[in-house]
Amino acid sequence: MRNMQLRHLAEAEQHIARGTQHISDQELRIAEFDFRGHDSTLARSLLETFRITQAQYVAHRDHILRELGL
């Protein structure tokens, strides 16, 4: 059981790392759109989705950590 939880923890950490990169990349895209005078409405909507998903990843990771007693 603990080995499975540790595997899930590792996967959650990978999701968080990828999510952080997606958010950073999207923030750069939005800055570029704004700089060039383009409409960034859809890009901002996607960024919000990334942020919501990231919060879910973090909550899941934290849940696993609590189950492991860490």
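The values are calculated or read from the model by the stated rules, or taken from the named source; none is laboratory data. From a predicted model like this one, the values you see are computed outputs, not experimental measurements. Glycine also receives a Cβ, built like all others from the backbone with ideal geometry; neighbour counts cover every protein chain displayed. Accessible surface is based on the protein model in full, side chains and every heavy atom, while ligands, DNA and RNA are left aside. Shrake-Rupley method; radii C 1.70, N 1.55, O 1.52, S 1.80 Å.
Does any residue of region 43-57 turn out to be touching a Leu at 6+ places or on another chain (Cβ under 7 Å), surrounded by 15 or more Cβ atoms within 10 Å (Cβ to Cβ) and at pLDDT 95 or above?
Scanning region 43-57, I find no residue that is touching a Leu at 6+ places or on another chain (Cβ under 7 Å), surrounded by 15 or more Cβ atoms within 10 Å (Cβ to Cβ) and at pLDDT 95 or above, so the answer is no.
With respect to S40, determine if the residue is among the small types (G, A, S) and open to solvent by less than 60 Å² (accessible area, probe 1.4 Å).
Spelling it out, S40 is indeed among the small types (G, A, S) and open to solvent by less than 60 Å² (accessible area, probe 1.4 Å).
For region 1-20, which positions are open to solvent by 100 Å² or more (accessible area, probe 1.4 Å) and either within 14 Å of R51 (Cβ to Cβ) or at pLDDT below 95 (or both)?
M1, R2, N3, R18, listed by residue number.
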